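In what follows, a single structure is set out as structure tokens and then discussed.
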Amino acid sequence: MTVSTNHFQDTLQQLTAQSLRRSLLPLESATGPIVSYAGRPVILLSSNDYLGLATHPEVVQAAIEATERYGAGSGASRLVSGTLPPHASLEATLATFKGTEASLVFGAGYLANVGVIPNLVGRGDLILADRLCHASLIDGCRLSHADFRVFRHGDCAHLETLLGRRAHHRRTLIITEGLFSMDGDLAPLPDLVGLAERYNAMLYVDDAHGTGIMGATGRGTVEQFDLERRIPFHMGTLGKALGSYGAYVVGSHDFVQYLLNVARSFIFTTALPPAIAAAASTAIAVVEREPERRARLWANRHYLFNGLQHQGFRLTPTASPILPVLIGDAAKASAFADGLLAHGVYATAIRPPTVPEGTSRIRFTVTAAHTTDQLDEALEAIKFAGRETGLL
Ligand SMILES: *Cc1c(COP(=O)(O)O)cnc(C)c1O
């Protein structure tokens, strides 16, 4: 046996021993409120397809038509082989939706973050990031070579202390998520904007989870806090509430032109397939045209939140359809997830390094597509699994 295969096995054994091993759960159906696993229906409570748009007939039809017209793949980077109509149309749709001059579509949120952040700051600059920022934001920070500090989650007083302590740095970038992916709470955006303005810092908001669901018309957390005029650019993704794949950055025309000249994860990667871009455009149209989906999402969110609280579960201070039940121990969280699946509910255990040590959890998410009957059934299953795991 070679050294490397030992290393692979050792690592896997270690992860197993720490209850941190990850594995894939093979489904036999499309994603949706009900999925098929091992030949039986299971209620899915961990998808980010908050509005059920991944399987919306019009969104699916748009993908089919774009494939028929423009092919399965884009052929190359858009800078190399041209921008296809679905890409141009998606960027125009995003800019209109967000009320900005322009937008740029990336292959994924991960790619947007690692592409944009190193072009906002570099060596000699300072990044101040919320402690719970997503791994893709952290990786973008690393690639930038800027000095990096974290402030306590949502703690503007702590951030201000760090801003006051700046010494020799040229530029400062504050990074936050709009709606935090693993806790479901909102960033204190008005205060963050205030601090950025007062201390002459830039603010980078990742609205991966807010896009499509937050704000009066679903434009996201920036709309929710009425800050569209004070936040000159931000990013979000197309793979969560918009049910497709990819990511966007919105901002000024110059900012977008700058990014497409410098962002390596835009330049050196193949463009999104036409089907994906067309699906995302159509999903935005559906968000605008069917506000009842958001209403249904929030009604479901309150229903499941109340149900979980009534059963005695400890939830994070969430303000969204992300409902994390805090457990702490990774082994216990995994056991709970296994129990849930046995009782017909699929919701994964979220463990380090996705969340900080000692804060393992089941991150329940609810969507507009769940029916009340399904949620009642899920709550029963959650109660049984919770009792069996000794959580209730
Ligand atoms: C999911 C997520 C991303 C990554 O987006 P993808 O399009 O899935 O690569 C980035 N940031 C946050 C906060 C996310 O939750």
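The values are calculated or read from the model by the stated rules, or taken from the named source; none is laboratory data. Everything numeric here is computed off the predicted structure, so don't read it as measured data. The protein model used for the area step is the full one, side chains on, heavy atoms only, and it has no ligands, DNA or RNA in it. Shrake-Rupley method; radii C 1.70, N 1.55, O 1.52, S 1.80 Å.
Over segment 166-221, what lengths in whole Å, largest first, do the semi-axes of the equivalent ellipsoid take, defined as the square roots of 5 times the eigenvalues of the alpha-carbon gyration tensor?
So the three semi-axes of segment 166-221 are 25, 11, 9 Å.
Would segment 81-144 count as rounded, prolate or oblate if I go by the C-alpha gyration tensor, calling it rounded below 1.5 in a/c and otherwise prolate when a/b exceeds b/c, oblate otherwise?
Values: a/c = 2.34, a/b = 2.07, b/c = 1.13.
It comes out prolate by the Cα gyration axes.
Over the Cα atoms of segment 1-78, each weighted equally, I'd like the Debye log10 I(q)/I(0) at q = 0.23 Å⁻¹, rounded to two decimals.
So the normalised log intensities are -1.04.
Considering only GLY218, GLY109, GLY71, give the residue with the highest GNM mean-square fluctuation for the chain, with springs between Cα atoms whenever their separation is below 10 Å.
The residue with the greatest mean-square fluctuation here is GLY71.
Determine the relative contact order of the chain: mean sequence separation of Cα pairs under 8 Å and six or more apart, normalised by residue count, in whole percent.
Here the relative contact order equals 22 percent.
How big is Rg to Rh over segment 170-262, alpha-carbon atoms, Rh as the Kirkwood inverse-mean-distance radius?
Details: Rg = 13.2 Å, Rh = 13.7 Å.
Ratio of gyration radius to Kirkwood radius for segment 170-262: 0.96.
Might you work out the accessible area of LYS240 for me, using a 1.4 Å probe with all protein chains in place, and round it to the nearest 10 Å²?
Surface open to solvent at LYS240 totals about 40 Å².
So if the hydrodynamic radius of segment 34-93 is defined as the Kirkwood radius over C-alpha pairs, what does Stokes-Einstein give as its diffusion coefficient at 4 °C and 1.567 mPa s, in µm² per second?
Translational diffusion coefficient: 90 µm²/s.
How big is the equivalent ellipsoid of segment 57-289 along its three axes, where each semi-axis is √(5λ) from the Cα gyration tensor, reported in whole Å from largest to smallest? Provide the component values of the computation, followed by the final result.
On the way: eigenvalues 190, 76, 38 Å².
The answer is 31, 19, 14 Å, longest axis first.
Can you tell me the Rg and the Dmax, both Å, for the Cα atoms in the chain?
Considering the chain through its Cα atoms, Rg and Dmax are 21.3, 61 Å.
Compute a Gaussian network model of the chain, connecting alpha carbons closer than 10 Å, and tell me which residue from ASN48, ASN200, ASN113 fluctuates the most.
ASN200
Hey, what's the per residue convex hull volume over the C-alpha atoms of segment 258-362, in cubic angstrom?
With only Cα atoms used, segment 258-362 gives 200 Å³ per residue.
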